[in-house]
Amino acid sequence: VIVPLRVGLLGIQARRVHVIQITLDARNICLVNADARISIRNDLSFFHFEYREGSPIRDLASYPLPFYNNPIGTQVDTALFVLPAQYTSDDLQAAAALAAGLGRSTNNKLQLRVTTADALTDQDQQNFNMIAVGQLGTNALIDSLYSTKALPTVIEANGSLSVNKRPITDTDGVVQIAANPKNALRSILVITSKTREGLSKAAGAMAGPLSVLKLGGTLALISDLRPAVIQPPSTHITLASLGYTDVTLTGLGIRTAEFRFVVPLGVTLSTGAYFDLQYDLADTLQSAQTSITITINDTPIDSVPVGANSRGAVPTEVVSGVRHRRASIPPNSVKGGSTNVLTLTLEAQGDWKCNPPSDAATWFLVRAGSELNLPYRQADSVALRPVLNALPSPFNVTPDLSDTLLSLPEKPTLGELEQLIRVAGYLGSEASTGARYTPRVILGKIGADVKLSDYHFIVIGRATTNPFLAQLNDSNLLPQPFDPKTDELRQVLDSVVYRLPANYNLGVLEVLKSPWSAERVIMIITGTSPVGQALAASVLLDGKYGPSDLEGNIVFANAATISVVDTTASQVVASNTPTAQIKIPATASQTAPAPTLTVTAPAPTLPVYTVTPYPTITPIPTDVQW
């Protein structure tokens, strides 16, 4: 069956989602809902679209349009970050905040790439939407846009900025969107200012929900950003507070709705937790075989009849005309520091013979006032084990990511800059709310002005390129260390045996407790080479592996597979076990004595993990130029 799709229905730019409904009407067959079926071959059925790309909407009120347009099928939208050739930590921090905001607003479906203004090619400018970041005079792309008068603001003869002959304060952030001079179907978002302070304001304005004044047009001037107010976690959470509106499930058979929420790290539920479902339903469903099942993280917590199969029982309480159903939540069904999924499954069946009701007559309304009551208590220490299957927790728990510090080499490669931007987008997409994101980025050595106990760390680089990683390695803190001043893996008490050829590209993704705070963790994206490091980043960012694949604190990755090791079980100190004391150098900002980490030799009964190259008929991959 070939069905023409009318252009008038599909060509409305303001409508982002289209629904095609296929209905089987077999009214001449009795017991239609039980006996009549039609099979739709998903491997052969397809959509055929013929379209042309139109002029994009360039309005800050529509952001992230036109950079993300919810593309068709397997197509992917890409945004290219263009940084100054001589970028600073301020530039990277602004870009990371923007990436986190884009991750949140696009559900991390926008592909983010990075280049510098001196490495930007004509082909890049032709192909991509771009986001240019940097102070005036530091980014050649921004300078070229001003020289061709392609932006709403202009640079005056004295070097100041103005719009419509009116001066712009040097400390104002300037956000502009304009057509790409190389391709009118592509756009450029410019984040700039005369000062560092202004650049931070411009990035902050686009790094979270737009202001209540609704930024609009092609230019926004940001005079001030007030600090975000982080409220303590509430024990009563409505679906509305999570950003959900009323949800209506319609139709016979099985229908589901999912709601996501985050529980703070370091806590667990105490007794008395429950979900109060507030709902209403059509009379048609009340007279049918209808039930609603509630699960959290695939753990069923309640299943209740709401139709004729209730046999006269009243499974709900009616308050002010609203039906309520309270389901107790077992404490162990909710994960602290992670995204949890509440699923409602409606099942409606009936024997309407030849006259089944329409979808419009079989509705079940889940009200946004439905509430989670989640009383917390401090979790046992075992729940705080640093393991990779809890990611992105705990980095995403603070709503604005302000307690996450991303550490890079002093001179990162373009590949490492792209890893930074993609990690920020990943964290933003999984953060508990849409706060204005402010992750911190530092190049090279971490100075004495940084209070180490205040941060979770994500370390990108190798032992020979990132001085902070080298410090952790020299202090014997890494669960998988490296030989001093090399990127070669070091044997760890013979509990892991490595059989690797020379120059083999192996990625290493590992996580450990922070030695400066029991409530902080450190994640390291590294490897034995630049290619190996990219393989470790892909394990985290490409979505190929889920939590069940990463049940450990170390992942070794090559081009074809991963090996996961969990050494955390060996870190319990027995009274007769010899220990080694490792001192961590204190920084000037630490008033307390430097902490001491106790490293315990694993018990001889630990299994021996063998990491070997995956057999392949192709040559071992070689390093690429980033």
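Please give the number of the condition residue 175 fails out of (1) under 34 Å from the mean Cα position of the chain (by Cα); (2) free of Cβ contacts under 8 Å to residues at least 60 places away in the same chain; (3) buried (at least 21 other Cβ atoms within 10 Å of the Cβ).
Condition not satisfied by residue 175: (2).
Of the residues in segment 244-259, how many are closer than 21 Å to residue 209 by Cβ and under 21 Å from the mean Cα position of the chain (by Cα)?
2
Applying the selection to segment 142-162, what residues are more than 21 Å from residue 56 (Cα to Cα), at pLDDT 95 or above and open to solvent by less than 30 Å² (accessible area, probe 1.4 Å)?
Hits for segment 142-162 are 146, 161, 162.
I'm trying to understand the selection: among the residues of segment 330-353, which are open to solvent by 50 Å² or more (accessible area, probe 1.4 Å) and either touching a Cys at 6+ places or on another chain (Cβ under 7 Å) or of a type in the set (Val, Ile, Thr) (or both)?
Once the filter is applied, which keeps residues that are open to solvent by 50 Å² or more (accessible area, probe 1.4 Å) and either touching a Cys at 6+ places or on another chain (Cβ under 7 Å) or of a type in the set (Val, Ile, Thr) (or both), segment 330-353 yields only 353.
Would you point out which residue out of 169, 192 is touching a Gly at 6+ places or on another chain (Cβ under 9 Å), surrounded by fewer than 19 Cβ atoms within 10 Å (Cβ to Cβ) and modelled with pLDDT of 95 or more?
From the options 169, 192, the qualifying one is 169.
Per-residue answers, yes or no, for (1) open to solvent by 30 Å² or more (accessible area, probe 1.4 Å); (2) of a type outside the set (Ser, Thr, Tyr); (3) in contact with a helix residue (DSSP H, G or I) (Cβ under 7 Å, 6 or more places away or on another chain):
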{"residue": "523", "(1), (2), (3)": "no, yes, no"}
{"residue": "526", "(1), (2), (3)": "no, no, yes"}
{"residue": "530", "(1), (2), (3)": "yes, yes, yes"}
{"residue": "534", "(1), (2), (3)": "no, yes, yes"}
{"residue": "549", "(1), (2), (3)": "yes, yes, no"}
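What are the residues in segment 206-235 that are among the aliphatic types (A, V, I, L, M), within 22 Å of residue 56 (Cα to Cα) and at pLDDT 75 or above, if any?
The answer is 206, 207, 219, 220.
Of the residues that make up segment 258-268, is at least one closer than 30 Å to residue 387 by Cβ and at pLDDT 90 or above?
Among the residues of segment 258-268, at least one is closer than 30 Å to residue 387 by Cβ and at pLDDT 90 or above, which makes the answer yes.
List the helices (runs of 4 or more DSSP H) that sit entirely inside segment 28-136 and contain at least 1 residues that are surrounded by fewer than 20 Cβ atoms within 10 Å (Cβ to Cβ) and among the hydrophobic types (A, V, I, L, M, F, W, C).
The qualifying helices (runs of 4 or more DSSP H) are 32-35.
Quick test for you: out of 179, 220, 203, pick the one residue that is assigned to a strand (DSSP E or B), aliphatic (A, V, I, L, M) and under 16 Å from residue 79 (Cα atoms).
Just a single option satisfies the conditions, and that option is 179.
Which residue out of 270, 241 is small (Gly, Ala, Ser) and within 24 Å of the chain's Cα centre (by Cα)?
241
Residues that are at pLDDT below 90: list the strands (runs of 3 or more DSSP E) wholly contained in segment 358-434 that include at least 1 such residues.
Where strands (runs of 3 or more DSSP E) fall fully within segment 358-434 and carry at least 1 residues being at pLDDT below 90, they are 376-378.
The values are calculated or read from the model by the stated rules, or taken from the named source; none is laboratory data. These numbers come from a predicted model, not from an experiment. Quick reminder, even Gly has a Cβ in these numbers, built from the backbone with ideal geometry, and neighbours come from all protein chains shown. For accessibility, only protein heavy atoms count, side chains too; no ligands or nucleic acids. Shrake-Rupley method; radii C 1.70, N 1.55, O 1.52, S 1.80 Å.
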